[in-house]
Amino acid sequence: MEINKTVNGTTLNLALVGRLDAVTAGDLDKVLQSDLNGITELNFDFIGLDFVASAGLRVLLVAQKRMNKQGVMKIYHVNEDVMDVLEMTGFSNFLDIVD
């Protein structure tokens, strides 16, 4: 998976490309652990994300819990396959998914 990161003040934008699974979830977790200090808005762009597995969902859950304390988290451009996973797991109920 490729993680394209841009920071604008207190906003962190992460564009994910590929698969967010057990192999790549650790990479995203490392970025979030090191880059969320001082961030009040976290935006994910899933336009290039093909697949998300349970390990990836765990990283999104941890990020959401942290951002609930320090700001907001939004997810953009979720494709149908990834949305199906988010809906089946109930993640779509608490993640802010923007069309």
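Counting Cα-Cα pairs of the chain in 5 Å increments starting at 0 gives whole-percent bin shares of 3, 13, 27, 30, 19, 7, 1.
Take the Cβ-Cβ distance between Asn93 and Val17 as r, set R0 to 25 Å, and report the resulting FRET efficiency rounded to the nearest 0.05. Once rounded, the FRET efficiency stands at 0.45.
Mean sequence separation of contacting Cα pairs (under 8 Å, at least six apart), scaled by the length of the chain, corresponds to a relative contact order of 27 percent.
Just add up the charged neighbours of Val98: K/R +1, D/E -1, any other residue whose Cβ is under 15 Å from the Cβ of Val98.
Local charge sum for Val98: -3.
Each residue of region 51-66 was assigned a 3J(HN,Hα) from its phi angle through the Karplus curve 6.51 cos²θ - 1.76 cosθ + 1.60 (θ = phi - 60°); the sequence is 7, 9, 10, 4, 5, x, 4, 4, 5, 5, 5, 4, 5, 5, 4, 5 Hz, with glycine and proline shown as x.
Laboratory data are not the source of any read-out in this text; all were calculated from the coordinates shown. Predicted, not measured: the structure shown is a model, and the values here were computed from it. Neighbour counts are summed over all protein chains in view; Cβ atoms, including those assigned to glycine, are modelled from backbone coordinates with ideal geometry.
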